[in-house]
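The values are calculated or read from the model by the stated rules, or taken from the named source; none is laboratory data. Everything quoted here is computed from the prediction, not taken from an experiment. Cβ atoms come from the backbone with ideal geometry, glycine included; neighbour counts cover every protein chain shown. These area figures cover heavy atoms from the full protein model, side chains too; ligands, DNA and RNA do not enter into them. Shrake-Rupley method; radii C 1.70, N 1.55, O 1.52, S 1.80 Å.
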Amino acid sequence: MEEEKAHAQAGSQTHEKRRLGLVIGLGVLCLAAWACYMLMSRKPAILHLPGGTRIIFLEAVESKTRGSLHENGSGLPVYTHGYEIPVGMVDKLRGWLPERLDRLLPGERATPGMASGFNSPVRSALWFAIDGPFEESQWRFFWVDDQGYETEANSRFIEYHGAWLGMEGNVPRSQKLLHLKVRSKKGEEQSFSGKGVLGEVVAEVKFRNPLRSNTPAPAMTAQTLPAKVGIGEHTFTLAGAMRPRVVSVPTLGLHLDLHLDGPGSKDGRFDMRDWTIEDGTGNVMIPVSGTFSGKGQEWDCAPWSDTTVWRIRFVPVYEDPKYYSADEIFVLDPMPMPPPAGFKGWTSVGWHCEKTIGGHTIRLGDVKSRGPNEVVFPITISPPVNGHSLQMLHAADESGSQTSQTSYGREKHAASLHLEELGSTASKLMGRCRRPAVGNTLTLTFAFKEVTPVEFTFRPEFKP
């Protein structure tokens with residue numbers, strides 16, 4: 001009896017051991033499957049360019065706020081992006097060695113540091129390492145959404161203890177996977193009308209979207225089109241917007257059926273600055289090139305089809321002096337010209353002049369020649385402009401003749417101003433204009449006026 005009982009107990013223990021072994025085995029298999037999944041899901045995303053160069057995705061990095069994006073106080077922040085160079089253990093150990101000993105070791109020791117980057121209205125940037133020869137001027141990068149709509153990426157190539165590529169974090173954010181495509185610039189046909197032809201696709205890759213958020217973006221309410229915004233005697237009307245399959249610098253693409261009505265509107269009474277395009281998910285785009293005509297506006301950037309309501313903003317600034325009061329216009333002392341420089345050189349002359357208007361002190365100085373025909377000069381406004389615009393109305397030589405814009409051929413008078421950097425106590429701008437045809441000085445006339453941003457929120461149409 002005792003023997004049967006012991007035999008049964010031994011059998012039960014054996015069964016328990018087998019069951020425990022089965023559970024452990026299944027656990028090991030599940031752990032191995034999970035490890036394989038994690039390894040596969042984190043497989044590096046690599047673009048293979050013709051010639052063997054590899055572009056390897058590293059990570060998405062968020063930046064801190066630097067200041068305000070535009071000199072006209074549009075309210076959007078600007079972020080400074082840079083990539084922290086990774087330093088391995090060997091390089092860290094070499095850092096403790098005396099310099100004489102370090103020179104005897106092969107290769108160059110990597111030192112900690114930040115690769116200088118770029119400013120952007122987007123908080124996030126995506127960083128890639130480049131393995132192999134790379135000429136940035138040969139390629140265009142495009143983000144593609146799940147419906148096949150493409151927008152050219154804004155990228156920056158940086159060389160600092162390696163080669164790095166930073167891209168603005170403007171991507172289709174609702175997608176699980178990002179789709180990055182590379183086109184060769186070989187065979188491109190440029191066109192100022194935006195009807196250019198792109199080169200062929202040479203590489204593409206899909207990888208996990210690091211900027212995807214499970215939290216829905218705050219909904220934007222679309223206006224009923226046509227929508228109108230009045231500025232003084234003039235009215236801006238947005239009647240529609242069309243997004244083509246591909247948007248890029250050579251082809252442009254995003255068409256805004258935007259019109260200006262009012263006295264003299266056909267002559268272009270406004271300089272429309274500080275354009276931004278948003279989709280409500282964190283994507284903020286700044287157009288680089290575009291056209292404005294009686295047929296509307298075309299720009300070289302646009303969000304994707306994963307969002308159905310967009311917002312455009314711009315600041316219209318009067319160009320005609322008749323729209324400014326006497327208190328808003330001021331003339332500076334004659335500005336001396338530095339000697340002409342070569343196309344790649346700089347010359348300068350020490351000079352400064354300042355005026356106080358509307359509670360702001362505006363200071364110009366350090367005039368530099370940029371090439372043989374153009375001069376540039378820093379402008380500081382203290383306190384910051386905060387919703388005002390500084391517009392250059394005239395730049396007259398010693399005969400009284402006005403100079404003309406040199407870089408873009410758009411404006412009747414001298415060049416308008418663009419933002420260089422915005423600090424906490426002053427707005428820092430950069431002015432530029434053509435050298436005088438007569439004499440060696442220029443007399444500049446400016447207007448300083450409060451401006452009203454224009455905003456439209458709308459549903460774009462998508463070309464099939």
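For the range 283-300, taking the residues that are part of a loop (DSSP other than H, G, I, E, B) and under 17 Å from the mean Cα position of the chain (by Cα), the one that is surrounded by the fewest Cβ atoms within 10 Å (Cβ to Cβ) is identified as V288. Each residue in the range 352-373 was checked for being more than 31 Å from the chain's Cα centre (by Cα) and either farther than 25 Å from D327 by Cα or surrounded by fewer than 17 Cβ atoms within 10 Å (Cβ to Cβ) (or both), and 7 pass. Residue-level analysis places A302 among those that are in contact with a Gly (Cβ under 7 Å, 6 or more places away or on another chain) and closer than 23 Å to F141 by Cα. Among residues of the range 257-274 that are farther than 18 Å from P321 by Cβ and of a type in the set (F, W, Y), none has a beta-carbon under 9 Å from a residue that is modelled with pLDDT under 75 and assigned to a strand (DSSP E or B) at least six positions away or on a different chain. Scanning the range 249-267 for residues that are closer than 18 Å to I277 by Cβ, in a loop (DSSP other than H, G, I, E, B) and modelled with pLDDT of 85 or more yields V249, T251.
Filter the range 153-167 for residues that are in contact with a Leu (Cβ under 8 Å, 6 or more places away or on another chain) and not aromatic (F, W, Y); which is nearest to E278 (Cα to Cα)? Checking each candidate, the answer is A153.
Of everything in the range 374-427 that's acidic (D, E) and modelled with pLDDT under 80, which residue is surrounded by the fewest Cβ atoms within 10 Å (Cβ to Cβ)? This residue is E420. Here G240 clears all of (1) part of a strand (DSSP E or B); (2) within 27 Å of F118 (Cβ to Cβ); (3) at pLDDT 85 or above except the condition numbered (2).
Residues checked against (1) of a type outside the set (G, A, S); (2) at pLDDT below 85; (3) surrounded by fewer than 17 Cβ atoms within 10 Å (Cβ to Cβ):
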position	(1), (2), (3)
R156	yes, no, no
Y160	yes, yes, yes
W164	yes, no, no
M167	yes, no, no
N170	yes, no, no
S184	no, no, no
G194	no, yes, no
R208	yes, no, yes
S213	no, yes, yes
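Restricting attention to the range 215-260 and to residues that are hydroxyl-bearing (S, T, Y) and open to solvent by 10 Å² or more (accessible area, probe 1.4 Å), the residue that is nearest to V182 (Cα to Cα) turns out to be T251.
Might you let me know whether the range 301-322 holds any residue that is in contact (Cβ under 8 Å) with a residue 12 or more places away in the chain, out of contact with any Asp or Glu (no Cβ under 9 Å at 6 or more places or on another chain), more than 30 Å from G196 (Cβ to Cβ) and surrounded by fewer than 18 Cβ atoms within 10 Å (Cβ to Cβ)? There is at least one residue in the range 301-322 that is in contact (Cβ under 8 Å) with a residue 12 or more places away in the chain, out of contact with any Asp or Glu (no Cβ under 9 Å at 6 or more places or on another chain), more than 30 Å from G196 (Cβ to Cβ) and surrounded by fewer than 18 Cβ atoms within 10 Å (Cβ to Cβ).
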